[in-house]
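For reference, the structure discussed in these notes is given below.
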Amino acid sequence: MQAERYGDRELVVVDGVRWSFAEAAGIAARRASALAAAGIQRGDRVAIICSNRPEFLDVFFGCAWLGAVAVPINVASRGAQLQHILANSGSRLLVIEDALAESLGTIEIGTLALEAIWVIGDPAAVAHPLAGLLPEPGEPVPPASQIAGDLAAIIYTSGTTGPSKGVCCPHGQLYWWGANTADILGLSEGERLYTCLPLFHVNALNTVYQALITGSTAIVGRRFSASGLWPALVEHGATATYLLGAMVPILLSRPASDLDRAHSVRVALGPGVPARFHEPFEQRFGFSLVEGYGSTETNFVIAGKPGEGISGTMGRLRPGFDARVVDAEDEPVPPGEAGELVLRADEPFAFSSGYFGMPDKAVEAWRNLWFHTGDRVVQDEDGRFRFIDRMKDAIRRRGENISSYEVEQVLLAFPAVASAAVFPVRSEMAEDEVAAAIVAEEGARVDPAELIAFCRPRLSYFAIPRFIEIVDSLPVTENGKVKKYALTERGVTDATFDREAHGILIR
């Protein structure tokens with residue numbers, strides 16, 4: 001429908017490649033043909049490990065056209081986490097960029113359901129019998145008949161007390177993400193939306209859906225660069241852009257430039273930006289940041305208005321959603337009192353439909369017919385929501401959710417480690433840093449630098465602890481559960497090893 005409406009209007013610009021609305025529909029139809037020729041059928045999962053380049057959207061759109069399910073995977077995933085994602089999703093096909101192929105050396109491909117590996121670039125990068133070059137598109141096929149509740153994607157998000165969970169994202173959810181965000185940002189037809197966030201996360205995918213819905217153009221940069229952002233915004237004539245909390249202080253820390261005000265941006269989505277940065281950012285760069293709250297499982301449910309970030313709140317509840325702040329028994333708490341944020345939607349399939357292959361986790365999260373976010377918030381008398389902290393045993397660093405459980409499993413695999421606790425400490429960039437308290441095996445010695453080297457091929461770079469402290473014992477409750485809040489409150493001490501201070505930088 002949008003291809004007919006907007007035809008030759010530019011829909012996507014990524015890595016120098018430009019697609020019109022009509023061209024994008026044709027690309028999806030031809031990629032769907034190639035997928036079908038390889039035996040991929042409706043409902044089959046297709047894993048994608050690819051950076052921000054046109055092939056990612058080529059395969060993603062092709063899956064949607066065919067009725068298959070895309071499984072975008074964080075390009076930093078490796079080891080046990082990557083093995084789990086591919087096994088849990090039951091993906092029959094993996095599409096991987098040649099530059100990222102080394103991650104396959106950290107898993108056991110033969111134990112998976114994979115029947116083929118399509119390589120973007122040089123197929124020799126994957127030394128496996130299943131590997132071959134990404135096929136040329138086939139002859140166009142008609143789109144599959146689908147409804148809002150049909151599964152579009154499985155997006156894996158950090159586990160807390162277990163492995164990463166595959167969030168089932170139906171087509172309806174992705175549509176409402178785009179529609180709600182476009183409304184919050186006040187987007188109209190013909191906007192130019194610039195994102196340098198990764199397409200394997202819902203934020204950047206949402207940008208593409210905003211463009212689809214509003215008849216605008218989504219410009220996808222390769223990655224975030226503090227020095228490259230403003231030239232890119234100017235070059236592409238961007239009218240809106242998308243930032244995460246840690247990006248804003250980084251941008252403010254750079255020397256002033258003529259490009260600071262040479263752009264056409266009027267608004268940016270900036271969830272998680274501390275209140276103290278909003279005013280200096282707007283004064284320097286000339287546009288407002290919009291605060292808000294959403295998760296991969298939900299939607300853009302709470303939002304502020306441009307310029308409201310100085311209040312330090314996430315905003316008010318959006319139309320079409322319901323929210324409560326509840327205690328441990330799911331009873332609502334009074335305004336001004338902290339509790340867990342629980343959510344639900346009015347529109348069918350505006351939220352995730354569960355966790356793939358983990359029905360017990362879905363029942364736990366959606367108990368009493370509300371989605372339990374695991375985030376502690378306060379709702380003020382005037383209806384604004386204020387984030388307090390995370391109730392979940394999870395860490396957020398540079399826009400990535402990190403499972404302390406998954407990091408602990410790698411640390412425990414190091415021969416000299418007897419026990420380990422991974423916890424967040426606050427960073428100077430307004431997000432978390434990963435810290436670990438380590439108890440050594442009796443008579444053994446743990447060298448933090450050696451432990452970090454052990455983690456490199458087994459963990460995503462952003463999950464490798466920055467801070468490591470060797471301790472005699474971990475603080476525990478009467479039931480033997482580690483009191484991580486006590487470790488977080490203690491934070492970094494004189495005895496803590498800081499890998500960055502020792503020149504161990506990981507990217």
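The values are calculated or read from the model by the stated rules, or taken from the named source; none is laboratory data. Bear in mind the structure is a predicted one, so any value in this text is a computation, not a measurement. Glycine gets a Cβ as well: all are built from the backbone with ideal geometry, and neighbour counts include every protein chain shown.
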For segment 293-308, indicate whether the set of residues that are surrounded by fewer than 19 Cβ atoms within 10 Å (Cβ to Cβ), under 29 Å from Gly149 (Cβ atoms) and not basic (Lys, Arg) is non-empty.
no
Selection from segment 161-171 of residues modelled with pLDDT under 95, of a type outside the set (D, E, K, R) and surrounded by 20 or more Cβ atoms within 10 Å (Cβ to Cβ) yields Pro163, Ser164
Test His372 against the criterion of being surrounded by 19 or more Cβ atoms within 10 Å (Cβ to Cβ), of a type outside the set (Asp, Glu), in contact (Cβ under 8 Å) with a residue 12 or more places away in the chain and in a helix (DSSP H, G or I), and give yes or no.
no
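Look at Ile49 and say whether it is under 27 Å from Glu408 (Cα atoms) and buried (at least 20 other Cβ atoms within 10 Å of the Cβ).
Judged against the criteria, Ile49 is a match.
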Across (1) under 17 Å from Leu66 (Cβ atoms); (2) buried (at least 17 other Cβ atoms within 10 Å of the Cβ); (3) touching a helix residue (DSSP H, G or I) at 6+ places or on another chain (Cβ under 7 Å), Pro135 clears everything bar (2)
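Looking only at segment 420-435, count every residue that is buried (at least 17 other Cβ atoms within 10 Å of the Cβ) and not in a loop (DSSP other than H, G, I, E, B) and tell me the total. Talk me through it step by step, then tell me what you get.
Narrowing segment 420-435 to residues buried (at least 17 other Cβ atoms within 10 Å of the Cβ): 420-425, 429-435.
After this cut, where a residue has to be not in a loop (DSSP other than H, G, I, E, B) as well, the list is 420-425, 432-435.
So the count comes out to 10.
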Among residues of segment 1-46 being of a type in the set (Ser, Thr, Tyr) and assigned to a helix (DSSP H, G or I), the residue nearest to Ile73 (Cα to Cα) is Ser33
Exactly one of Leu174, Leu205, Leu193, Leu199 is of a type outside the set (D, E, K, R), crowded, with 22+ Cβ neighbours inside 10 Å, over 18 Å from the mean Cα position of the chain (by Cα) and at pLDDT 95 or above, and that one is Leu193
In segment 195-213, anything of a type in the set (A, V, I, L, M, F, W, C) and within 17 Å of Arg9 (Cα to Cα) is listed as Val208, Ala211, Leu212, Ile213
Here the residues within segment 402-419 that are hydroxyl-bearing (Ser, Thr, Tyr), buried (at least 20 other Cβ atoms within 10 Å of the Cβ) and assigned to a strand (DSSP E or B) are Ser403
Within segment 5-22, the residues that are in contact (Cβ under 8 Å) with a residue 12 or more places away in the chain and more than 24 Å from Pro170 (Cβ to Cβ) are Tyr6, Gly7, Asp8, Arg9, Glu10, Val13, Val14, Asp15, Val17, Trp19, Ser20, Ala22
Those residues of segment 36-54 which are closer than 21 Å to Ile85 by Cα and not small (Gly, Ala, Ser) amount to Ile40, Gln41, Arg42, Asp44, Arg45, Val46, Ile48, Ile49, Cys50, Asn52
The residue that is farthest from Leu130 (Cα to Cα), considering only those in segment 88-100 that are under 20 Å from the mean Cα position of the chain (by Cα) and aliphatic (A, V, I, L, M), is Leu100
Ser225 passes all but one of the listed conditions (1) surrounded by fewer than 24 Cβ atoms within 10 Å (Cβ to Cβ); (2) modelled with pLDDT of 95 or more; the exception is number (2)
If we keep only residues of segment 212-227 that are in a loop (DSSP other than H, G, I, E, B) and within 14 Å of Ala22 (Cα to Cα), then the residue nearest to the chain's Cα centre (by Cα) is Ser216
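Which of the residues that make up segment 167-189 are without any contact (Cβ under 8 Å) to a residue 60 or more places away in the chain and not in a helix (DSSP H, G or I)?
Leu187, Ser188, Glu189
Every residue, every condition in (1) of a type in the set (Phe, Trp, Tyr); (2) assigned to a loop (DSSP other than H, G, I, E, B); (3) farther than 30 Å from Tyr209 by Cα; (4) touching a residue at least 12 places away in the same chain (Cβ under 8 Å), yes or no:
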position: Arg324; (1), (2), (3), (4): no, no, no, yes
position: Gly336; (1), (2), (3), (4): no, yes, yes, yes
position: Arg344; (1), (2), (3), (4): no, no, no, yes
position: Phe351; (1), (2), (3), (4): yes, yes, no, yes
